[in-house]
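Inspection log for the structure reproduced underneath, given as structure tokens.
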Amino acid sequence: MKCSRCRKDAIYFQRQSGQYYCGDHFNTHFIKKFMRGVREEQLIKKNEKVAVAVSGGKDSITLAYLLKKLQLRYPFQMEAIIIDEGISGYRNLTLDAAKAQLERLEISYHIESFKDNFDKTLDIFVENNKENACSTCGVLRRYLLNKKARELSCTKLATGHNLDDEGQSVIMNLMRGDIIRFSRGQNYYKKISDKFVERIKPLRYFLEKEIVIFALNNKLIFDSSECPYAVYAMRGEVGKFLDKMEDLRPTTKYSLLSGYDKILPALNKCFIPESIGACKICGEPTMDGVCMGCKILGK
Amino acid sequence: MIKVVFLRDKKSLEIEADNVSEVFSKLSILKEQYVAIKNGKIVCEDESLSKGDTLELFTVASGG
């Protein structure tokens, strides 16, 4: 098939718009959408210092690449944070990719490991409880990202969450009946505590497949392996369900997230308290007496 | 016959198909989950295929 704009060979058919894109026009479309999103949502202010969380996968590598492009047009500082959870046979591959692409982009980076910060790798944390790997990893990773971003005096923490990730989270929180998490949105803690660096997700309206095509089309260095603990997560099954729905009814993923974004302010009002307590051990904000991080670390 | 290669699993097979969509439907896989690469170039799902083509399938989901 040919590109709807220039008649070169198409690499992507966007079902929601009915447009075919060649490599060049796909890039133009993708970059424009990214720049427009950052501008319209006012995600990054002039001269702000942004931390970008980079795992070495296609999402965070694409995000770092696009933020570097944005820096050419708009003045802001950027540093990357890489978390080494200690997952044997997996994290070493993604770490190598992250370092190689960040060096190519001339973005300085900091590596924080579970081993150095918590005395244990994720593999050791969950050796008798692999089913909990994703929640343990998520809590400790977010803790380290926030801590390092704060140490670096960053006022934003950018992550590479895509449309598929966001839609999956909406469904998962609802399926678990976790109405608090479903209702609070990404910057709830920021609103109640200065200890939290504001999170931004500039790729949250980009389909995962489009990000893969962009990364391949631009020959970005990224690792495409799957975490060995992913098999224990609910996310994979929910992802397959959403893929099936998207296949049957194109734009399902967009509609899900944009619908959620519309009702979020009302959910916030109904279900989220205006203030919460502090963790008895570390002082970080928490709904319970002891925060999840301290519970995992056995404090 | 078309050679189909699943890049992540490093598995390959041969199949009769006139286009990429037909490969997806014959293998019961969803187009949301793979990027199709024909003879080294990324292609759309309605790209036609001919005898001797190699179609690599790049798995979209990765990470955790």
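The values are calculated or read from the model by the stated rules, or taken from the named source; none is laboratory data. Predicted, not measured: the structure shown is a model, and the values here were computed from it. Cβ coordinates were reconstructed from backbone atoms using ideal geometry, including for glycine residues, and neighbour counts include every protein chain displayed. Side chains are part of the model used for accessible areas, which takes the heavy atoms of the whole protein and leaves out ligands, DNA and RNA. Shrake-Rupley method; radii C 1.70, N 1.55, O 1.52, S 1.80 Å.
Residue ranking by accessible heavy-atom surface, 1.4 Å probe, largest first, among A:Phe214, B:Phe6 comes out as B:Phe6, A:Phe214. The separation of the stretch A:28-97 from the stretch A:270-299, counted between C-alpha centres, amounts to 29 Å. I'd like the residues of the stretch A:1-40 whose 1.4 Å-probe accessible area shrinks by no less than 50 Å² going from the isolated chain to the full set of protein chains. Checking the loss per residue gives A:Met1, A:Ile11.
With 21 Å as the limit on Cα-Cα distance, the pairs of A:Lys244/B:Lys26; A:Lys49/A:Lys147; A:Lys46/A:Lys156 all stay inside it. When only Cα pairs below 8 angstrom with a gap of at least 6 residues are kept, chain A shows a relative contact order of 19 percent. Of all DSSP beta bridges confined to chain A, the antiparallel ones make up roughly 25%.
Accessible surface of A:Cys291, taken over heavy atoms with a 1.4 Å probe and every protein chain present, rounds to 20 Å². Of the solvent-accessible surface of the protein assembly as shown, computed with a 1.4 Å probe over protein heavy atoms with every protein chain present, carbon and sulfur atoms account for 49 percent. Annotation: A:Asp247 carries an accessible surface of approximately 40 Å², with a 1.4 Å probe and no ligand, DNA or RNA atoms counted. Interface burial in the stretch B:13-50, defined as at least 20 Å² less accessible area with all protein chains than with the chain alone at a 1.4 Å probe, covers B:Leu30, B:Lys31, B:Glu32, B:Gln33, B:Val35, B:Ile42, B:Cys44, B:Glu45, B:Asp46, B:Glu47.
Chain B and the stretch A:186-238 have Cα centres spaced 25 Å apart. For the listed residue pairs A:Lys99/B:Lys41; A:Lys8/B:Lys41; A:Lys201/A:Lys299; A:Lys33/B:Lys41; A:Lys120/A:Lys295, the alpha carbons are over 22 angstrom apart in A:Lys99/B:Lys41; A:Lys201/A:Lys299; A:Lys33/B:Lys41. Across the stretch B:2-59, the relative contact order, built from alpha-carbon pairs under 8 Å that are at least six residues apart, equals 46 percent.
The largest accessible area among A:Arg181, A:Arg204, A:Arg141, A:Arg249 belongs to the first residue in A:Arg249, A:Arg181, A:Arg141, A:Arg204, and the rest follow in falling order (1.4 Å probe, all chains).
Excluding ligands, DNA and RNA and using a 1.4 Å probe, chains A and B jointly bury around 2100 Å² of accessible surface, summed across both partners.
On the beta carbon distance between A:Asp119 and A:Asp288, with R0 = 35 Å, the FRET formula returns roughly 0.90. Per residue, the solvent-accessible area of chain A (1.4 Å probe, heavy atoms of protein chains only, all protein chains present) comes to 49 Å². Rolling a 1.4 angstrom probe over the protein heavy atoms with all chains in place gives chain B an accessible area of 51 Å² per residue. Based on DSSP loop calls and a cut-off of at most 16 other Cβ atoms within 10 Å, the longest stretch of chain A free of exposed GluC sites (Glu not before Pro) is what? Counting only loop sites that pass the neighbour cut-off, the longest clear stretch is A:128-273. Here chain A is treated with +1 on each Lys and Arg Cβ and -1 on each Asp and Glu Cβ, and its dipole about the Cα centre works out to around 1040 debye. Ordered from highest to lowest accessible area with the whole protein assembly present and a 1.4 Å probe, A:Lys201, A:Lys147 read as A:Lys147, A:Lys201.
For chain A, the 222 nm mean residue ellipticity estimated from helices alone, with every DSSP H stretch of n ≥ 4 adding -39500 (n - 2.57) and the total spread over all residues, rounds to -15500 deg cm²/dmol.
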